[in-house]
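Written below as structure tokens is the structure these notes are about.
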Amino acid sequence: MLCYCKKCGRIIFNMLDENDKKCDCCGTLVHPIPDEYKGNGSYKIYQNDLWEKYVKTSPEFDQYLFEHRDEILAKQSAEFSEKMEHGKAILEGRDKGNQFGVECPYCHATNVKKITITSKAAHTALFGIFSVGRNSKQWHCNKCGSDF
């Protein structure tokens, strides 16, 4: 169902529940487009008339939101994309926010931990001479399991 926002003038296709119809730009409730604009082909032809008749005359109307609606939506989209990319980086183990600033040379993950002296000593006690190769390494990758 096509709906419009009385506050910012956004026209959206809303398929949500009757009680949960909110504008994705300003968060206010949206209203169905009046019947006079339905069935006339594209609502875009009548968009300016809709804004003049129903949006700009509404007591909820906000001129700033109306004029900057596209910028607000672009900013929201960019923030969402950034959050999604950060989440993807965390899931793939390549989040650049680790405390060491070290990256695995094999899988390029930054989900690494320092191999401590205590860990090296325990490994030597358990495996003896076979732990020489591991004990020369400083870092362990939590994603691919390699030591480097």
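A short reminder: the numbers here are calculations on the coordinates, not readings from a lab. As the structure is a prediction and not an experimental result, all values here were calculated from the model. All Cβ positions, glycine included, derive from the backbone under ideal geometry; neighbour counts span all protein chains shown.
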>> Can you give the local net charge around GLY128? Use residues other than it whose beta-carbon is closer than 15 angstrom to its beta-carbon, Lys and Arg +1, Asp and Glu -1.
In response: +2
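Given only helices, namely DSSP H runs of n ≥ 4 each adding -39500 (n - 2.57), what is the per-residue ellipticity at 222 nm of the chain, to the nearest 500 deg cm²/dmol?
Values: 4 runs with 48 residues, N = 148.
One gets -10000 deg cm²/dmol as the mean residue ellipticity at 222 nm.
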> Just from the alpha-carbon atoms, what are the Rg and Dmax of the chain in angstroms?
Replying inline: 28.3, 85
> To the nearest 10 degrees, how steeply does helix 117-127 sit against the main Cα axis of the chain, on a 0 to 90 scale?
Replying inline: 60
